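All of the numbers you see were taken from the coordinates with simple rules; none came from a lab. Note that the coordinates shown come from a computational prediction; the quantities given were computed from them, not determined experimentally. Here the Cβ positions follow ideal geometry from the backbone for every residue, glycine too, while neighbour counts run over all protein chains shown.
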Ligand SMILES: [Zn+2]
C-alpha cells in the first residue's frame, strides 16, 4: 500500500482507495461529479473563511495592543491635568495598522463570499 496525493483536495490517500475519503473524488476515473465538486468548493470556502476570520481577530488584537496603552496614557493625562496629544503616542501606529489590516481582511472576505455565491 502506498500513499498518493488526491488531485482534488491534495490530501494523502491510499492508492487502494477508489474514492478519496476526504473529499469523495473518484480516484479511478479521475472525475468528480457535480455534488462532489460542490462539496469541495464549500469546504475550500469554509477553510479560507476560517483563515480570514483568524486574521481579522489578529488585526483587532493589534489595534487593541495599541489602543489600551493610549487609553491609560489619556487617563493619566486627565488625572495629572495636562493636555494629552494622543497622536504622538506610539499606540496610534498600531491602531492604524490594525485598522488597515482589518479593512483589508474584510474586503477579501467579501470578495471571497461574492465569488463563492456566483459559482453556486
Ligand atoms: Zn480528496
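Using r as the Cβ-Cβ distance of residue 3 and residue 99, and R0 as 41 Å, what FRET efficiency do you calculate, to the nearest 0.05?
Working: r = 45 Å, r/R0 = 1.10.
So, using R0 = 41 Å, E works out to roughly 0.35.
For the chain, calculate the relative contact order in percent as a whole number, restricting contacts to Cα pairs under 8 Å that are 6 or more residues apart.
Relative contact order for the chain comes out at 20 percent.
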(message) Quick check: the angle from helix 91-119's long axis to the longest principal axis of the chain, C-alpha only, nearest 10 degrees?
(response) 30
(request) Please give the contour-minus-distance gain from residue 106 to residue 58: 0.36 nm per residue of separation, less the Cα-Cα distance, rounded to one decimal in nm. (result) 16.0 nm
(request) Quickly rank 83-89, 8-14 as a protection proxy: mean count of other C-beta atoms within 10 Å, highest first. (result) 8-14, 83-89
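Report, as a whole number in µm² per second, the diffusion coefficient that Stokes-Einstein gives for the chain at 37 °C and 0.692 mPa s using the Kirkwood radius over alpha carbon pairs. It would help to have the intermediate numbers written out before the result.
Details: Rh = 18.1 Å.
Rounded, D is 181 µm²/s.
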(request) Note the angle between two axes, namely the Cα long axis of helix 34-80 and the longest principal axis of the Cα atoms of the chain, as a number of degrees from 0 to 90, rounded to the nearest 10. (result) 10
(message) Need one number: nm distance between label points at residue 29 and residue 49, each 7 Å from Cα along Cα→Cβ, rounded to one decimal.
(response) 3.0
